[in-house]
Amino acid sequence: MKILGIESSCDETAAAVVENGKHIISSVVATQIPFHTMYNGVVPEIASRKHTEWILPVVKQALSEAELTIRDIDGIAVTNSPGLMGSLLVGLTFAKTLAWSIDAPFIAVNHMLAHLYAAHINEEIPYPYLGLLVSGGHSIICRVSGFDQIEILGTTIDDAVGEAFDKVAKFYNFGYPGGVAIDKLAREGNPAAASFPMPSLHKGGHEYDVSYSGLKTAVINQIDQFWNPAFEKTPQHIAAAFQETAVRILLSRLLKAVRDTGLTTIVAGGGVAANSRLRELLASEKNLRCIFPPLKLCGDNGAMIAGIGYHYLVRGDRSPWSIGASARVQGFRKSGRPS
Ligand code: KG4
Ligand code: ZN
C-alpha cells in the first residue's frame, strides 16, 4: 500500500511516498530556512505563502522521484495539528482536494505522533516504551503503547526545549534555526564554562515535567552570575554550557520515568532529537535501549506522515472532508504518574 504523506505545519514543505509504513520510496523536503533567517525565526505569514507556492511542485517531485503517478497512490495522509494555522491549512486543503479528486482514502494525522513514528520506519520497535518528543513547540515524556496510544507523563511548564535553543541563539545571534547553530558551536566549546541552574520540579504533580524559562533567563539576562571566570565568554563556550544544561534537564526527567515505569526502551523524535549531545548522553546509558530516527527523519518530513498514515488507513480509519486544522495538540492529556 503506497501512501502519499504531506507536511506543512511549520517551515518545511514536504511530501513523501512510503510503502506499507516502512519503505521510503521518495521523500522531498523543501526548507524555507533562507526566507526566515533574516528574521531569526519563522514568520507565519511568509511560511504559509511559501507553502502555497511550493506544495504542488513538492508533491509532483515526490511522485516523479518515486516514478509513480497520482493514480498509483493508495491513500493520502496529511498533518492537521499542531502547527502554524495558516501553514497547516495549506497542506490540509491541498491533501483533501487531491484525495477527493482521485477518490483516495484520506487521513489527517497528528504531527507529534508522526515524529514518534519516524523511528519505526527503519526499525522494529516493540511497545510499550518511553517516548521523548522534543521539537520547537513541544517537550513531551510519554508512555507509548501503540502508534496512536500515548500517555503523557510530563511536558514543559513554559518554553519547549527547541524554543529555548531558538531564543538563546536569537539573542546571541548564533544563527537560525537555533538548535542546529548551538549544536555546531557547542562542539568547540566547554560545558564547564558556566553552571546554569537546573529547575527543581520534584513535587506537586510535576515529577516528569521540564521547564526552560529559568535556564533561558539565566543564559540571556544573568549570565555573569553563573559564568566560570576561568573561561572567556565566547559563543562556543556559551553554546556548550547552555546545551549541556538543556539536555540534562530532559535527561533527569526521562531517567526518573525509566525508574518509575521500569521501561528501558526510549524512542526519541522531533527536531531536537537531532542534537548530538542528547544522542551521546542517552547512548552512554548502558542499561537503556535508546532509539533515534536517522537525522533526516528528526526534523519535519513527509515520510513520517505517510508512515503513520498507513497504520490508520490499514485499520480502516478515514478523516471526514469537514475536518479542520488545529494549532494546538488535541486530545493529549497529562496523566502525571504512570499507570
Ligand atoms: O520538529 P521540528 O523540525 O519542528 C517542529 O515541529 O517544531 O523541530 C524544530 C526545532 C527547532 O527549535 C530547532 O532549533 C530544533 O528543533 N533543532 C535542534 C537541532 N536541530 C533542530 N535542537 C537542538 N539540536 C539540534 N541539532
Ligand atoms: Zn516537527
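Read-outs: derived from the displayed coordinates by stated rules, not from any lab. Since this is a predicted model, take the numbers as computed values, not measurements. Glycine gets a Cβ as well: all are built from the backbone with ideal geometry, and neighbour counts include every protein chain shown.
Taken over segment 127-292, the convex hull of the Cα atoms encloses 107 Å³ per residue. Among the GluC sites (Glu not before Pro) in segment 33-85, those located in a DSSP loop and surrounded by at most 13 other Cβ atoms within 10 Å of their own Cβ are GLU67. For segment 107-120, putting each phi into the Karplus relation 6.51 cos²θ - 1.76 cosθ + 1.60 with θ = phi - 60° gives couplings of 9, 9, 10, 7, 4, 6, 5, 5, 4, 5, 5, 3, 5, 6 Hz, in residue order, rounded to whole numbers and with x for Gly and Pro. Anyone know which of VAL314, VAL161, VAL180 comes out most mobile in the 10 Å Cα GNM of the chain? Checking each option, the largest mean-square fluctuation is seen for VAL314. Positive end of the dipole of the chain (Cβ unit charges, origin at the Cα centre): among ILE3, PRO191, LEU116, the Cα lying farthest that way belongs to PRO191.
DSSP finds beta bridges in the chain, and of those with both partners inside it, around 60 percent are antiparallel. Ordering THR156, ALA268, ALA181 by Cα displacement along the dipole of segment 127-292 toward the positive end leaves ALA268 in first place; charges were set at the Cβ atoms of Lys, Arg (+1) and Asp, Glu (-1).
Distance check, please: which entries in LYS286/LYS334; LYS96/LYS216; LYS216/LYS334; LYS50/LYS167; LYS60/LYS184 exceed 32 angstrom between their Cα atoms? Beyond 32 Å between Cα atoms: LYS96/LYS216; LYS60/LYS184. Axis of helix 235-261 versus longest Cα principal axis of the chain: the two differ by about 70°, to the nearest ten degrees.
Taking the DSSP bridge list for segment 127-292 and keeping only pairs wholly inside it, about 60 percent are antiparallel.
Helix-only estimate, please: 222 nm mean residue ellipticity of the chain, summing -39500 (n - 2.57) across DSSP H runs of length 4 or more and dividing by its residues, to the nearest 500. Could you put the intermediate results ahead of the total?
Details: 11 runs with 132 residues, N = 339.
It lands at -12000 deg cm²/dmol.
Restriction of the GluC sites (Glu not before Pro) in segment 222-326 to DSSP coil positions whose beta-carbon has at most 13 other beta-carbons within 10 angstrom yields GLU232. Exposed loop positions in the chain were taken to be trypsin sites (Lys or Arg not before Pro) whose DSSP state is not H, G, I, E or B and which have at most 16 other beta-carbon atoms within 10 angstrom. Between these positions, the longest stretch is 23-186. If you take the Cα centroid of segment 98-149 and the Cα centroid of segment 20-57, the two points sit 19 Å apart. The charge dipole of the chain, taken about the Cα centre with unit charges on the Cβ atoms of Lys, Arg (+1) and Asp, Glu (-1), comes to about 580 debye, rounded to the nearest 20. Within a Cβ distance under 9 Å of GLY178, other residues only, what is the Lys/Arg minus Asp/Glu net charge? Summing Lys and Arg as +1 and Asp and Glu as -1 gives 0.
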